[in-house]
């Protein structure tokens, strides 16, 4: 792994922090006397949320769609990413004329609290010490993230979301939104997710966290103060996690047993195989854009998520009386959030006679399929949103003006 | 739309008859909704809150892409998840003969819905009877086009059989419409044994 190390720009925590500060976009800061009440009991204040918006909010504020990003995603859904210079992570789905059409909808995406792309997280300065929080940052839950987003919507003047959409951890937030703020969610699209994190998924997260914490440069979480960075630990965590985002078939299709830049095996521990080289690349590019402590907090938030447990062990109670229209999506080769997890959610929704659609998409691309070009996903999302817009009687600003003139 | 309607009239008159049984503005669950044709007729002509369950994933995905609220599910196993009286109408269109436990399915339909609408091919039709009687072979007709070894239809019944099942379940038959081979409605005054002989399909509107 040392070899790859040399090819990657070394970057300290402080550098990553300053890069995140340079991010273009919006930041809202809630003052210390309006803290975020966290599930762990500690109020967090002041706190900031960095967010992006696309499109225009219509006059009756009825066309807002909140996108909830996944574990290591961020608010840069549909613009060039300021740190990586790559296209936004969901440009395939979000933009003018795309299934989440920014000509029609006002799209909002916020970096989750606890994140590292401008929102308050373990990398931020602890007002009590003047130093980065590190592990003094309180543990954040999925519902804490949702509560913070609700504050953002209050600020933006959005009472009811036309839709809330997200995959994986973002999908957990979608479910939490629908359960906690029933009247604020007209429609919801949870994708490749579940109502709780499974034991196997917690196990994978623990491997990742242990990899980070085993790196001597982690320094008990104080690497920024020490001018260090647990790059190797975080890279290994990402490598292990990345395998769970793909599938056996997808890996085999992409790499097989092909060798990397060589004719025969080296009888050593270089990256002989393409798949090794690919994973190392995934690991090391990740380190350039993500804070190791934030990774610990984000994975923990997912582990703690159990929507049924929050409702006397009965998932359907979470959705009792829901007015929301749901479109649940899963992928056949997703072994991180298998279809059964989504089916459990659908059954709970059926048990309260909710308006629910459920699409399982045949693909070999695994969990990451939700980020990729899956025409059936695009068709389901755009068909569902169009029908929901008709039900909602959604109008663009121009149409609202016409209506005013006519009256 | 007219064009579509005339095509529909040619193919599935039973769908139009069923949609006429549904009160406007009601909540409907179509069990075995296929590609969503009936759901669309219902949404467009009866302004209902229409939902569907379909076994085949391809059908489900088509429906959702058209903006219909459909879940993948199995009539035999998944109806138990729904609460009592969740819908004004439950519909089982040309599906009961393909279920493993038609009696249980019908009970569930009557539990979930205040009304149940069931349509099925009538195995008592004279062509069916004559094929068994004179050819000694399992019937293959235009309406029942499968051979015995590849048919998804595993629980055929006649109109009389269905009426008997309704009796057993204490279900009240509010309406019964039999259609002839041309898809035309048979007169209401025709006695049951004649409907059972010349009706190729039947549509029942039931309540508990």
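Hey, among A:209, A:262, which residue is out of contact with any helix residue (DSSP H, G or I) (no Cβ under 8 Å at 6 or more places or on another chain) and either part of a helix (DSSP H, G or I) or more than 24 Å from residue A:301 (Cα to Cα) (or both)?
Values: A:209 fails: out of contact with any helix residue (DSSP H, G or I) (no Cβ under 8 Å at 6 or more places or on another chain).
Answer to the selection: A:262.
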Check residue A:193 against each of (1) crowded, with 21+ Cβ neighbours inside 10 Å; (2) within 26 Å of residue A:60 (Cβ to Cβ) and name the one condition it does not meet. (2)
Any chance you could count how many residues in the stretch B:161-193 are touching a strand residue (DSSP E or B) at 6+ places or on another chain (Cβ under 9 Å), part of a helix (DSSP H, G or I) and within 15 Å of residue B:126 (Cβ to Cβ)? 1
Out of B:68, B:179, sole residue that is buried (at least 19 other Cβ atoms within 10 Å of the Cβ), closer than 22 Å to residue B:38 by Cβ and away from chain A (no Cβ under 14 Å): B:179
Taking residue A:336 as meeting all but one of (1) at pLDDT 95 or above; (2) over 19 Å from residue A:176 (Cβ atoms); (3) away from chain B (no Cβ under 13 Å); (4) in contact with a helix residue (DSSP H, G or I) (Cβ under 8 Å, 6 or more places away or on another chain), write down the number of the exception. (2)
Any chance you could count how many residues in the stretch B:71-97 are facing another protein chain (nearest Cβ under 10 Å), touching a residue at least 40 places away in the same chain (Cβ under 8 Å) and under 22 Å from residue A:391 (Cα atoms)? 2
Would you confirm, using the coordinates I've provided, whether residue A:257 is outside any helix (DSSP H, G or I), over 21 Å from residue A:170 (Cα atoms) and in contact with a strand residue (DSSP E or B) (Cβ under 7 Å, 6 or more places away or on another chain)? yes
Of the residues in the stretch B:182-194, those that are closer than 24 Å to residue B:208 by Cα and surrounded by 13 or more Cβ atoms within 10 Å (Cβ to Cβ) number 1
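If we scan the stretch B:143-159, do we find a residue that is in a helix (DSSP H, G or I) and either within 14 Å of another protein chain (Cβ to nearest Cβ) or in contact (Cβ under 8 Å) with a residue 40 or more places away in the chain (or both)? Can you show your working first?
Restricting attention to the stretch B:143-159, the residues satisfying the condition of being in a helix (DSSP H, G or I) are B:159.
So of that shortlist, the ones also either within 14 Å of another protein chain (Cβ to nearest Cβ) or in contact (Cβ under 8 Å) with a residue 40 or more places away in the chain (or both) come out as B:159.
Within the stretch B:143-159, one or more residues are in a helix (DSSP H, G or I) and either within 14 Å of another protein chain (Cβ to nearest Cβ) or in contact (Cβ under 8 Å) with a residue 40 or more places away in the chain (or both).
Looking at the stretch A:40-48, is at least one residue crowded, with 16+ Cβ neighbours inside 10 Å, touching a helix residue (DSSP H, G or I) at 6+ places or on another chain (Cβ under 6 Å) and not in a strand (DSSP E or B)? Give the derivation first.
As a first pass, look at the stretch A:40-48 and keep what is crowded, with 16+ Cβ neighbours inside 10 Å: A:44-45, A:47-48.
Subsequent filtering for residues that are touching a helix residue (DSSP H, G or I) at 6+ places or on another chain (Cβ under 6 Å) retains none.
No: the stretch A:40-48 contains no residue that is crowded, with 16+ Cβ neighbours inside 10 Å, touching a helix residue (DSSP H, G or I) at 6+ places or on another chain (Cβ under 6 Å) and not in a strand (DSSP E or B).
For the structure I just gave you, tell me whether residue A:23 is on the phi < 0 side of the Ramachandran plot, crowded, with 16+ Cβ neighbours inside 10 Å and modelled with pLDDT under 95.
Details: on the phi < 0 side of the Ramachandran plot: yes; crowded, with 16+ Cβ neighbours inside 10 Å: yes; modelled with pLDDT under 95: yes.
For residue A:23, the condition - on the phi < 0 side of the Ramachandran plot, crowded, with 16+ Cβ neighbours inside 10 Å and modelled with pLDDT under 95 - is met.
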Regarding the stretch A:282-303, can at least one residue be identified that is touching a strand residue (DSSP E or B) at 6+ places or on another chain (Cβ under 9 Å), away from every other protein chain (no Cβ under 14 Å), modelled with pLDDT of 95 or more and within 18 Å of residue A:173 (Cα to Cα)? no
Could you check how many residues of the stretch B:27-65 are closer than 13 Å to residue A:359 by Cβ and facing another protein chain (nearest Cβ under 8 Å)? 6
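Of the residues in the stretch A:374-388, how many are touching a helix residue (DSSP H, G or I) at 6+ places or on another chain (Cβ under 7 Å) and more than 7 Å from every other protein chain (Cβ to nearest Cβ)?
Start the filter on the stretch A:374-388 by keeping residues that are touching a helix residue (DSSP H, G or I) at 6+ places or on another chain (Cβ under 7 Å), which leaves A:376-377, A:379-380, A:383-384.
This time we only want the ones that are more than 7 Å from every other protein chain (Cβ to nearest Cβ), so: A:377.
Result for the stretch A:374-388: 1.
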Selection within the stretch A:342-367 - more than 11 Å from chain B (Cβ to nearest Cβ) and surrounded by fewer than 22 Cβ atoms within 10 Å (Cβ to Cβ): A:363, A:364
Considering each residue of the stretch A:314-333, count those that are closer than 16 Å to residue A:370 by Cβ and away from every other protein chain (no Cβ under 11 Å), and give that number. 2
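The values are calculated or read from the model by the stated rules, or taken from the named source; none is laboratory data. Keep in mind that what you see is a predicted model, and the values were worked out from it rather than measured. Methodologically, a virtual Cβ is constructed for each residue, glycine included, from the backbone with ideal geometry; neighbour enumeration extends over all protein chains shown.
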